[in-house]
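Here the structure is laid out as structure tokens; the discussion comes afterwards.
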Amino acid sequence: MSNVIELIPLGGLGEFGSNCMAVRYGDDMILVDVGMGFPAESVYGVDVCIPDFEFLEEYRENIAAVVITHGHEDHIGALPYVLKKFNVPVYASHFTMGLIESKLEEHDLLNDVLLHRVEPRDRVEIGEFEVEFIRVSHSLVDCFALAISTPIGTLIHTGDYKVDETPVIGEPIDLRTLRRYGQEGVLALTSDSTNATVPGRTPSERAVIPDFEEIFSEAEGRIFVAAFASSIHRLQIVIDVAQQFDRKVCVLGRSMVKNVEIAERLGYLDLHEGMLVSLQESRKLGDGEVVYLVTGSQGEPRAALSQLSSQSYKGLSIGDGDTVILSARIIPGNERAISRLIGEIYKRGASIIDEKRRLIHVSGHASQEDIRIMTEAVRPRFVVPVHGEYRMLYRHKEFLKNHCDFPGENIILIENGDVLELDGERATVVGKREVGRTFIDETGFEEIDGEVVRERRQLAYDGVITPVVTISEETGELEAPPEVVARGLIGLDGDGTSTLMRDMQRVVKEAVEAATREERRDTSLLKERVRVELKRFVQKQTGSRPVIMPVVVQI
Ligand SMILES: [Zn+2]
């Protein structure tokens with residue numbers, strides 16, 4: 001085995017979400033983050049997808065561990081599915097592990113896997129690698145960058161980060177350790193690109209406090225704050241400002257309740273005695289004495305905020321005089337749902353405040369000047385932009401090249417599946433792996449076969465045809481004229497008298513009559529003949545490819 005490092009991104013490069021990267025050296029491989037993503041709107045009825053881990057099969061014996069940078073779903077969401085395939089140890093911070101445990105419990109995996117909790121500056125040996133965990137700031141707490149050392153050089157992987165010197169919870173980003181690695185020499189920096197198109201610095205988590213205070217001081221009715229359940233700094237701010245204005249906090253929505261519970265239990269949230277109230281207790285309070293912390297900032301129909309604004313959530317609904325604060329960014333693709341939600345809230349007579357009107361949300365990702373600080377601290381030989389759509393990776397490169405004097409030839413743009421080889425001197429793409437997507441049915445935690453998704457698409461666009469053929473069990477001859485039932489097909493009037501319908505019946509009849517003796521005896525063969533003939537005919541006549549499901553009845 002030659003002494004090279006291979007970086008193989010399985011997800012997160014050229015897309016939003018599904019962050020996952022394989023790092024290989026010698027006989028060992030580690031997976032850095034295993035996230036989930038959200039498929040395009042055109043994937044019918046599928047909410048979630050994960051990287052396809054198929055190609056890792058050939059490295060089954062080499063995978064030494066999964067190392068997690070932080071607890072966002074696009075970094076941990078695929079963990080149960082990976083661990084079901086490859087039962088390897090997992091390394092993560094205390095808070096991240098709290099989220100992971102609750103996820104593994106849902107999948108009934110908790111007792112079968114080895115979980116290592118690590119502290120900032122811990123160093124662990126994993127096969128040929130030594131990994132040091134370095135604190136970074138982000139919208140979540142307890143987040144890491146990783147220093148991954150090998151005999152031929154060190155990689156720094158930033159994870160998601162911003163440079164926040166005054167976080168609400170915990171210590172600031174550990175630039176000192178990053179600089180120490182920079183002085184010792186860093187071969188490559190794989191670096192967050194999510195906000196690489198945004199000039200300047202990303203504001204501190206604290207930046208939202210003044211506007212929250214102002215809104216709370218003005219509001220007379222109830223206040224509803226919708227935020228990401230994982231934005232722990234934000235939750236603390238809402239709790240603190242509520243305390244300041246003598247309001248109690250009531251937490252609504254499954255993931256919000258879960259995360260507040262985990263963060264409080266592990267000591268990340270600072271809650272004053274009696275600060276949290278149940279829904280029932282909140283009803284006894286005056287309008288000016290309560291704030292609801294809720295899920296659903298993206299307009300998700302089943303989340304608390306949508307239900308509070310459209311009908312009711314466990315008997316509670318938003319009403320006249322209430323103030324709703326959307327303390328989150330709009331994730332691309334959710335614009336319509338959020339717009340609809342805002343309309344519903346207005347109908348209820350409540351006022352709504354989003355990030356366009358007040359500073360009530362800041363990003364958790366590095367803007368350009370944060371990227372500069374990171375790159376100057378780490379002083380890598382190569383930079384590999386990660387986490388983001390291709391446009392963001394590209395702008396990351398342009399920024400470093402044009403504004404930080406970083407040599408352009410040492411900024412390597414790669415995409416999912418590319419195999420980037422680092423030999424200590426050069427960085428070269430030496431291959432391409434097949435890394436597709438696996439769709440997940442969220443209700444059953446099951447993988448959805450790609451064929452199912454293709455079929456749903458076909459059903460949605462082209463409809464379905466069911467020819468029904470009745471034959472004699474003895475002779476295999478038609479016992480009655482074939483019937484054809486169709487749904488969602490263009491060119492058909494429902495009563496089945498159209499030319500197309502009569503033609504389809506004729507095609508089916510001819511297909512059966514032309515069938516061989518063997519096909520008549522074996523109904524699956526007969527079905528296939530009918531399907532193929534009908535498909536050919538319909539495609540020729542209409543240009544569409546409906547799903548065709550023949551039924552053969554033997555009497
Ligand atoms: Zn994140």
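The values are calculated or read from the model by the stated rules, or taken from the named source; none is laboratory data. If you're wondering where the values come from, they're calculated on a predicted model, not measured in any experiment. Every residue, glycine among them, receives a Cβ derived from its backbone with ideal geometry; neighbour counts consider all protein chains shown. We work out accessible area using only protein heavy atoms, side chains counted, and drop any ligands, DNA or RNA first. Shrake-Rupley method; radii C 1.70, N 1.55, O 1.52, S 1.80 Å.
Remarks
- Meets criteria (out of contact with any Phe, Trp or Tyr (no Cβ under 7 Å at 6 or more places or on another chain), at pLDDT below 95 and away from the ligand (no atom under 16 Å from the Cβ)) for F53: yes
- Taking the criterion of being open to solvent by 10 Å² or more (accessible area, probe 1.4 Å) and over 17 Å from L420 (Cβ atoms), the residues of region 378-398 that qualify are R379, E389, R391, M392, R395, E398.
- Taking strands (runs of 3 or more DSSP E) as the structural unit, those lying wholly within region 307-395 and holding at least 2 residues that are more than 16 Å from the ligand (Cβ to nearest atom) and touching a Leu at 6+ places or on another chain (Cβ under 6 Å) correspond to 380-386.
- Of all the criteria given as (1) touching a Cys at 6+ places or on another chain (Cβ under 7 Å); (2) assigned to a helix (DSSP H, G or I); (3) not aliphatic (A, V, I, L, M), the one not satisfied by E105 is (1).
- For beta carbons closer than 6 Å, sequence separation of 6+ or different chains, a first residue in region 315-333 that is surrounded by fewer than 20 Cβ atoms within 10 Å (Cβ to Cβ) and a second that is among the basic types (K, R), the qualifying pairs are G319/R348.
- Taking the criterion of being surrounded by fewer than 16 Cβ atoms within 10 Å (Cβ to Cβ) and aliphatic (A, V, I, L, M), the only residue of region 95-113 that qualifies is L110.
- Evaluation of L99 against the conditions (1) within 16 Å of the ligand (Cβ to nearest atom); (2) of a type in the set (A, V, I, L, M, F, W, C); (3) over 17 Å from the mean Cα position of the chain (by Cα); (4) in a helix (DSSP H, G or I) shows that the sole unmet condition is (3).
- Unique residue being touching a residue at least 12 places away in the same chain (Cβ under 8 Å), more than 26 Å from P9 (Cβ to Cβ), more than 16 Å from the ligand (Cβ to nearest atom) and open to solvent by less than 10 Å² (accessible area, probe 1.4 Å) when the list is I209, I215: I215
- Residue list for region 27-38, restricted to those being crowded, with 24+ Cβ neighbours inside 10 Å and assigned to a strand (DSSP E or B): M29, I30, L31, V32, D33, V34
- Filter result (more than 16 Å from the ligand (Cβ to nearest atom) and touching a Lys or Arg at 6+ places or on another chain (Cβ under 8 Å)) within region 122-140: E130, V131, E132
- Per this entry, E6 is not counted among residues that are more than 16 Å from the ligand (Cβ to nearest atom), of a type outside the set (A, V, I, L, M) and either more than 26 Å from K397 (Cα to Cα) or crowded, with 21+ Cβ neighbours inside 10 Å (or both).
- Candidate set: region 265-280, residues that are farther than 20 Å from G98 by Cβ and assigned to a loop (DSSP other than H, G, I, E, B); chosen: the one least open to solvent (accessible area, probe 1.4 Å): M275
- Residue list for region 399-429, restricted to those being part of a strand (DSSP E or B) and free of Cβ contacts under 8 Å to residues at least 60 places away in the same chain: I411, T428, V429
- The single residue among A92, A78, A65 that is among the small types (G, A, S), more than 16 Å from the ligand (Cβ to nearest atom) and open to solvent by less than 40 Å² (accessible area, probe 1.4 Å) turns out to be A65.
- The set of residues in region 2-26 being over 16 Å from the mean Cα position of the chain (by Cα), in contact (Cβ under 8 Å) with a residue 60 or more places away in the chain and either assigned to a strand (DSSP E or B) or under 16 Å from A64 (Cβ atoms) (or both) consists of I5, E6, L7, I8, V23, Y25, G26.
- Flag if D370 is acidic (D, E), more than 23 Å from S193 (Cα to Cα) and in contact with a Lys or Arg (Cβ under 9 Å, 6 or more places away or on another chain): no
- Sole residue being within 27 Å of T375 (Cβ to Cβ), touching a residue at least 40 places away in the same chain (Cβ under 8 Å) and either hydroxyl-bearing (S, T, Y) or surrounded by fewer than 24 Cβ atoms within 10 Å (Cβ to Cβ) (or both), chosen from S204, S255: S204
Per-residue answers, yes or no, for (1) farther than 20 Å from E264 by Cβ; (2) touching a helix residue (DSSP H, G or I) at 6+ places or on another chain (Cβ under 9 Å):
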position: S102; (1), (2): no, yes
position: H107; (1), (2): yes, yes
position: L110; (1), (2): yes, yes
position: V113; (1), (2): yes, yes
position: R123; (1), (2): yes, no
position: I126; (1), (2): yes, no
position: R135; (1), (2): yes, yes
